[in-house]
Amino acid sequence: MAARKSAAILISGRGSNMRALVEAAEAAGFPARIALVVSNNPVAAGLDYAQAKGITTAVIPSKGRSREDFDAELHATLKAHNIELVCLAGFMRILTEGFVQNWAGRMINIHPSLLPAFKGVHVHEQVVASGVRFTGCTAHFVTPGMDEGPIIVQAVVPVPIGATADEVAALVLEQEHRIYPQALRWLAEGRLTVEGQVVRVQEAAVPQGAMISPTV
Ligand code: GRF
């Protein structure tokens, strides 16, 4: 087997996607190892989990700092740990264009909507208010435009009529935990090629058919 790629996960809070990545990477044959977890928030709950797993953690406080200053320290930290791939997982900080360019093609994010719909924050509130029948989640490459990078994989989740934003969030989160490790696996295996906005996944099956909601 080829050497496993060293990956870092960037978090700001709960870290459930980080946990899904860590658990996936524990499986024999997974092509990446989680070498580092970085948080910009010193009290992010996800840090405790990472430490309990014996993963190296780093806190780089972002409060009151310029983006350039923060990103320079982040970049240096990733380099010091020989990181090859970066996964943003609930990382609530906008990165500078320079940082993003440095990690182009090597940095991915998980977003809790079917991009390009519902970018930004308060996604599930917007979904519920809009009346859409389907939502979902997207794993994508990170580019300078927020939530705009080439899409690697998406999962579709029907929105139960009358569901609250929190209920929708929980349904979507379950699927985030499935697709994000998948995206990291493909990236680490070198199976992704990007042409403009379109990502090709070597040897991935293409699902057929359609879903309709509601049904009777
Ligand atoms: C997830 O919904 C993710 O899609 C979004 O922020 C949330 C982070 O949750 N970017 P967690 O910290 O991974 O539990």
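Somewhere in region 136-151, is a residue within 21 Å of residue 12 (Cβ to Cβ), of a type in the set (Ser, Thr, Tyr) and open to solvent by 40 Å² or more (accessible area, probe 1.4 Å)?
yes
Select from region 49-66 the residues that are surrounded by fewer than 18 Cβ atoms within 10 Å (Cβ to Cβ) and assigned to a helix (DSSP H, G or I) and list them in ascending order.
Scanning region 49-66 gives 51, 52.
I'm checking my understanding of the structure. Among residues of region 80-101 that are assigned to a loop (DSSP other than H, G, I, E, B) and within 16 Å of the ligand (Cβ to nearest atom), which one is nearest to residue 32 (Cα to Cα)?
Our first condition is that a residue be assigned to a loop (DSSP other than H, G, I, E, B); within region 80-101, this holds for 81-84, 89-96.
Restricting the remaining residues to those that are within 16 Å of the ligand (Cβ to nearest atom) gives 89-95.
Working: 89: 16, 90: 20, 91: 20, 92: 24, 93: 24, 94: 25, 95: 23 Å.
Only one residue fits best here, namely 89.
So, in region 80-91, exactly how many residues are within 18 Å of residue 47 (Cα to Cα) and open to solvent by 10 Å² or more (accessible area, probe 1.4 Å)?
4
Return the pairs, sorted by first residue and then second, in which the second residue is of a type in the set (Asp, Glu) and open to solvent by less than 80 Å² (accessible area, probe 1.4 Å), the first residue lies in region 115-132 and is part of a loop (DSSP other than H, G, I, E, B), the beta carbons are less than 7 Å apart, and the residues are 6+ apart or on different chains.
Between residues of region 115-132 that are part of a loop (DSSP other than H, G, I, E, B) and residues that are of a type in the set (Asp, Glu) and open to solvent by less than 80 Å² (accessible area, probe 1.4 Å), the close pairs are 115/147; 119/147; 120/147.
Tell me, please, whether a residue that is within 16 Å of the ligand (Cβ to nearest atom), open to solvent by less than 70 Å² (accessible area, probe 1.4 Å) and touching a Ser or Thr at 6+ places or on another chain (Cβ under 8 Å) can be found in region 67-79.
no
Quick one: is residue 132 assigned by TED's automatic domain parsing to the domain that holds residue 156, out of contact with any Asp or Glu (no Cβ under 6 Å at 6 or more places or on another chain), within 14 Å of the ligand (Cβ to nearest atom) and on the phi < 0 side of the Ramachandran plot?
Taking the combined requirement at face value, the residue does not satisfy it.
Can you tell me which residues in region 171-201 are in contact with a Phe, Trp or Tyr (Cβ under 8 Å, 6 or more places away or on another chain) and open to solvent by 50 Å² or more (accessible area, probe 1.4 Å)?
185, 194
Pull up region 9-38, narrow it to residues that are assigned to a strand (DSSP E or B) and in contact (Cβ under 8 Å) with a residue 60 or more places away in the chain, then point me to the one that is nearest to the ligand (Cβ to nearest atom).
Going through the qualifying residues, I end up with 11.
The values are calculated or read from the model by the stated rules, or taken from the named source; none is laboratory data. Model, not experiment: these values are computed from the prediction. Neighbour counts are summed over all protein chains in view; Cβ atoms, including those assigned to glycine, are modelled from backbone coordinates with ideal geometry. To get the accessible areas, we keep the full protein, side chains included, count just its heavy atoms, and leave off ligands, DNA and RNA. Shrake-Rupley method; radii C 1.70, N 1.55, O 1.52, S 1.80 Å.
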